[in-house]
Amino acid sequence: IMEITFEVLKGILDAYTYEVVFVDRTHTVRWMNKTAQKRYEGRVFIGNSLFNCHNEGSKGKIEEFLRRADAGENEMFETYNRKTGEREFFAPVRNDAGEVVGYFERHEAPWDREHAAEPVGDYWLRRI
């Protein structure tokens, strides 16, 4: 049986074609996959606050998403970015006890621009 190590998990996330920037509860960037490192090169740095690259409006939204995650919500739709054509999601990361230890923002190109806010799971369930 293959052991799932940090190296294996890192490899999985580095193979993911969308950026993953993991941030802890203090909004400090702790890790980025290769895609994120390329996209945010020179703008986002491990060890720095995520708020260094977000405006005041975004800070409030992030705090609200974190509050909702603490109340039990999982991945949440943020916005459809018309400039990049991407859907943006807030994805809380939980420990084994279910406590939110951090989060990442997930971006993806929507399959159906008419329903950009639709969660991925709902999209696929509609097609079964």
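The values are calculated or read from the model by the stated rules, or taken from the named source; none is laboratory data. Quick caveat, the model's predicted, so the values are computed rather than measured. Cβ: placed from backbone, ideal geometry, glycine included. Neighbour counts: every protein chain shown. Remember, those area values only see protein heavy atoms, side chains included, never the ligands or the DNA or RNA. Shrake-Rupley method; radii C 1.70, N 1.55, O 1.52, S 1.80 Å.
Below are the figures for this structure:
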{"item": "So Ala69, is it assigned to a helix (DSSP H, G or I), farther than 12 Å from Glu105 by Cα and not aromatic (Phe, Trp, Tyr)", "result": "yes"}
{"item": "When residues of the stretch 26-43 are limited to those that are in contact with a Phe, Trp or Tyr (Cβ under 8 Å, 6 or more places away or on another chain) and free of Cβ contacts under 8 Å to residues at least 24 places away in the same chain, the one surrounded by the fewest Cβ atoms within 10 Å (Cβ to Cβ)", "result": "Trp31"}
{"item": "Residues being of a type in the set (Phe, Trp, Tyr), touching a helix residue (DSSP H, G or I) at 6+ places or on another chain (Cβ under 8 Å) and modelled with pLDDT of 85 or more - total across the stretch 70-128", "result": "2"}
{"item": "Of the criteria (1) within 15 Å of the chain's Cα centre (by Cα); (2) part of a helix (DSSP H, G or I); (3) farther than 17 Å from Gly102 by Cα, which one Arg87 fails", "result": "(2)"}
{"item": "Residue, least open to solvent (accessible area, probe 1.4 Å), within the stretch 44-66, restricted to residues that are under 25 Å from Leu9 (Cβ atoms) and assigned to a loop (DSSP other than H, G, I, E, B)", "result": "Val44"}
{"item": "Number of the exception - Glu86 against (1) open to solvent by 90 Å² or more (accessible area, probe 1.4 Å); (2) closer than 20 Å to Ala117 by Cβ", "result": "(1)"}
